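See structure below.
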Amino acid sequence: MKTSQIPFRTLRDSPSEAIISSHQLMMRADLIRKLGNGLYTYMPFGLRAYRKLEKIIKEEIEASGAMEFKPTVIVPGDIWKESGRWETMGPQMLKAQNRQQQDMVVSPTAEEAYTAIMRQGLTSYKQLPINCYQINTKYRDEIRPRYGVMRGREFNMMDGYTLNADDESLDQSYQAYAKAYLRIFKRLGLDVITVKADTGAMGGSGSEEFMVESEIGDDTLILCKCGYAANVEKASCAKDIPVDIDGNPVKATEKSYEPISTPNVGTIDDLEKYLKCSKHQLLKTLIYKATNVCLDLSEVDCCKNLKTVTEGNIKFYPEVFVAVCIRGDLDINEAKLAGFLKASEVELATAEEDTKITGAPVGFAGPINLSNVPVIADNSVLDMHDFLVGANKADTHFVHVEYGRDFSAWKTADLRTAKAGDICPVCGKPFYTTKGNELGHIFKLGKKYTESMNVTYLDKNGKSAVPTMGCYGIGVDRVLASIIEAFHDDRGIIWPMSTAPYQVAIVPIKYSGAMKEAADKIYDELLKASVEVLLDDRDERPGVKFNDMDLIGFPVRITVGDKNLPNVEIKMRSSEQAELVPLENAAAKASEIVKTEFNKLNS
C-alpha cells in the first residue's frame, strides 16, 4: 500500500480532551476520530491494528475449543426480564421500544442472548458442553466516558460462553479460556497479572481478571511477593488482633456498657483524639442504601413488609437500608457489600435518611437497640473487645461494649477493604499495591441465568437437569489502547510486530529518480515475501515523513536517500540506531527482522 491511497492526517498537538497517552496518540496518528461523546470511528490505520488484534484473539480462542457465533446487538427486553436484570442492570443499559411497543435493549453484555439462543436446541447431556464466542459491538451509557476507546460508550468485546453439565466440566472450560488468554497477551507483548476479582452484576461463584500495570488504571491491585493477587474489590487479608494505644491486645471486659458524653465528636479521628485511645477500640456504624437487593431478607423482622418485585424467576427488593459495622481504622468495601447483598448498587444514606433510621445526627449511629434495619458486621468486629459505639443519640456514645453480649449482627461477612501493609492470608507477609487496567475477565456464572431462564436438558439418567454456565470476556478496544500505553515514547507509538498497521515503512527522501526506483524495488520484493509494507510516496519534506512514521509507529523503517545509495538505511522503531544495508539486501534484511520479532512474541 502507498500513503497516497490512504485517507489520513496526523496532528502535531493532542486534542484538549485527550489526557492519557493512548488517547492522545490514537487521535494524533489518525487511528481514530471522534464522532460523539464516548463514540469513536476507527480510521484505516487504526482498523488494521484492530483487525490484527481481533485475529489473534480468534485464533487462540478457537484453538481452545470455542466456535464463533454472532447474536444481534439489539435484543428483546423480554429475555432481560426473564433473567431479572431488566431493572437491576441500572441506567447504563440503553433501552428502546420498536413500533410495536416491544421493549428492546442495545446489548451491554450478552449472557441473556447466549442463554436464550442456546436453550432452543438443547435437549441432551450429549450436547454439552456448548462453547461459543462472539466479537461484537456493545453499548453502555457511561456517565463519564473518558480515555478514548479505553472507556467509550460503544465498544467491542470478545464474549465467550459455555454451558456445562457440572462444575468439573465448567472448571475445564474456565481453565481452557484462562490459558488462551495468557497466549493472547503473550502474542501482543503484554505482561499481565491474573487477579481474583469481584463478580459484580454478572453474578456467579468466582472470577479472575487479567490486568496490566498502568499509572492510569481504574483498578487497585493488592499483591504479595508469594504470588497472591486480587482486585481491591475482592482482596481479603489475614485477620489482625485489635490493640490499645500502647500496642497491647485489647482484652474483654466484664463492665456493662454505659453512655458517655461526646459533644460534637462524631468522627473516628475526632473520637481517637478526644478519648486518647486506639482506633482499634472504636466501632463505626454506617447506614447504606442498597438498590435491587436479591438476598433473601424474609426472615428479618424489620424487612417483612419491604416492597418486592419479581421479574422472571428473580425476586428482589428495589430499596433496602442496612447498618454496617466495622472496626474504626478500617474502610468498608462497597463492592463486597453489594456482592454480599446481591445488590446492583450500594451507597451511603443521605444525612436525612441516616437520621430517620438512627434518630441521631450522622456520626452517632450504633448497633445497640437498632432494630429497624438489618445490622451487618465485618469480620473484624468479632475480634474486638471493650470498644465504643454510637448510642443513636446526639453527642453520645456507649463504652465497654462487647460483641455477642450487648448486640449481635444479623450477618457477618468480609466487608473490609484490603490495603498496602495488610497481611497476606497465604504467606503472612505484607501486601503492596499497584494500579492496573482490566483487559480480560472470566467468570464461573453457575446457574444464575440458566435457572432464571428455564434452561434444562435430560441427563444420563433421563432426568431433567439445569446446566451450569461460564462467561469469558476481553475488551478488544481496551486491549488495543493498552498496547499503546505500554509501547510508546515522546515521538509516538512503538507497535509490537503482531499488531502494527504495517510491518515495514519505506520512506524515500524524494519519490523520484533513483530514489523512486530503489524504493519501488524494495517495495515489490517485500510484497512478494508477504511482508506488510507501506511506501510513503507523498510529496512532503523528509522531516514530515519521518515524524509521521514515528508517530504512527511502524516497527521497521527503510529510508532511501540519494546520499546513501546504493545503500539504504534500516532502523527499528524501538531502537535509536540505524544500519546501512546494500540495496539488494534490504528486503531480505527487513523480512528477517519481521520474522525474528514475530518469533519472540510467539515463543
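The values are calculated or read from the model by the stated rules, or taken from the named source; none is laboratory data. All of these numbers come straight from a predicted model, not from anything done at the bench. Cβ: placed from backbone, ideal geometry, glycine included. Neighbour counts: every protein chain shown.
A few notes on this one:
- Residues that are surrounded by 14 or more Cβ atoms within 10 Å (Cβ to Cβ), among the polar types (S, T, N, Q) and either touching a residue at least 60 places away in the same chain (Cβ under 8 Å) or part of a loop (DSSP other than H, G, I, E, B) (or both) within the stretch 1-51 comprise THR3, THR10, SER14, SER21, SER22, listed in sequence order.
- Residue identified as in the same structural domain as LEU370 (by TED's automatic domain parsing) and at positive phi among GLY328, GLY312: GLY312
- Single match in CYS277, CYS302, CYS294 (criterion: surrounded by fewer than 21 Cβ atoms within 10 Å (Cβ to Cβ), over 18 Å from ASP378 (Cβ atoms) and touching a Gly at 6+ places or on another chain (Cβ under 8 Å)): CYS294
- The strands (runs of 3 or more DSSP E) falling completely within the stretch 177-279 include none with 3 or more residues that are touching a helix residue (DSSP H, G or I) at 6+ places or on another chain (Cβ under 7 Å) and without any contact (Cβ under 8 Å) to a residue 40 or more places away in the chain.
- Some residue of the stretch 349-360 being under 16 Å from LEU282 (Cα atoms), touching a residue at least 40 places away in the same chain (Cβ under 8 Å) and either of a type outside the set (D, E, K, R) or in the same structural domain as GLN92 (by TED's automatic domain parsing) (or both): no
- Output for the stretch 55-70, where each listed residue is crowded, with 17+ Cβ neighbours inside 10 Å and within 25 Å of MET150 (Cβ to Cβ): ILE56, ILE57, GLU60, ILE61
- ILE506 vs. criteria touching a strand residue (DSSP E or B) at 6+ places or on another chain (Cβ under 8 Å) and part of a helix (DSSP H, G or I): no
- Scan of the stretch 309-331 for residues that are crowded, with 20+ Cβ neighbours inside 10 Å and within 27 Å of ASP240 (Cα to Cα), ordered by number: VAL322, ALA323, VAL324, CYS325, ILE326, ARG327, GLY328, LEU330
- When each of LEU580, LEU565 is tested for being of a type in the set (A, V, I, L, M, F, W, C), over 23 Å from PHE45 (Cβ atoms) and not in a strand (DSSP E or B), the lone residue that passes is LEU565.
- Screening GLY513 against (1) surrounded by 17 or more Cβ atoms within 10 Å (Cβ to Cβ); (2) over 20 Å from ILE6 (Cα atoms); (3) out of contact with any helix residue (DSSP H, G or I) (no Cβ under 9 Å at 6 or more places or on another chain) leaves a single unmet condition, (1).
- Residue within the stretch 160-175 that is among the charged types (D, E, K, R), touching a Phe, Trp or Tyr at 6+ places or on another chain (Cβ under 8 Å), at negative phi and not in a helix (DSSP H, G or I) present: no
- The condition (being among the aromatic types (Phe, Trp, Tyr) and in a helix (DSSP H, G or I)) is satisfied by just one residue among PHE321, PHE340: PHE340.
- Here is the figure for the stretch 115-161: residues that are within 17 Å of VAL75 (Cα to Cα) and out of contact with any helix residue (DSSP H, G or I) (no Cβ under 7 Å at 6 or more places or on another chain) total 13.
- Test: residue in the stretch 503-525 that is closer than 30 Å to TYR114 by Cβ and either within 28 Å of the chain's Cα centre (by Cα) or touching a residue at least 24 places away in the same chain (Cβ under 8 Å) (or both): no
- Filtered residue count, the stretch 425-475, keeping only those that are part of a helix (DSSP H, G or I), touching a helix residue (DSSP H, G or I) at 6+ places or on another chain (Cβ under 6 Å) and surrounded by fewer than 21 Cβ atoms within 10 Å (Cβ to Cβ): 1
- Exactly one residue out of LEU275, LEU221, LEU297 is within 35 Å of the chain's Cα centre (by Cα) and more than 30 Å from ILE474 (Cα to Cα), and it is LEU297.
- Condition check for ILE494: surrounded by fewer than 23 Cβ atoms within 10 Å (Cβ to Cβ) and within 30 Å of PHE45 (Cα to Cα): yes
- Every pair of residues 6+ apart whose Cβ atoms lie under 6 Å, when the first sits in the stretch 546-573 and is under 18 Å from PRO7 (Cα atoms) while the second is surrounded by fewer than 20 Cβ atoms within 10 Å (Cβ to Cβ) and polar (S, T, N, Q): ASP548/THR10; LEU551/THR10
- With respect to (1) assigned to a helix (DSSP H, G or I); (2) of a type in the set (Lys, Arg); (3) buried (at least 20 other Cβ atoms within 10 Å of the Cβ), the lone exception for LYS589 is condition (3).
- Only one of ASP270, ASP240, ASP246 that is more than 40 Å from the chain's Cα centre (by Cα), farther than 17 Å from VAL401 by Cβ and not basic (Lys, Arg): ASP246
- Within the stretch 153-171, the set of residues being out of contact with any Ser or Thr (no Cβ under 6 Å at 6 or more places or on another chain) and either surrounded by fewer than 16 Cβ atoms within 10 Å (Cβ to Cβ) or of a type in the set (A, V, I, L, M, F, W, C) (or both) comprises PHE155, MET157, MET158, LEU163, ALA165, ASP166, ASP167, GLU168, ASP171.
- Within the stretch 441-495, the set of residues being more than 17 Å from GLU54 (Cα to Cα) and of a type in the set (Ser, Thr, Tyr) comprises TYR449, THR450, SER452, THR456, TYR457, SER464, THR468.
- Counted residues, the stretch 542-567 - those being closer than 30 Å to ILE483 by Cα and either surrounded by fewer than 22 Cβ atoms within 10 Å (Cβ to Cβ) or of a type outside the set (Asp, Glu) (or both): 18
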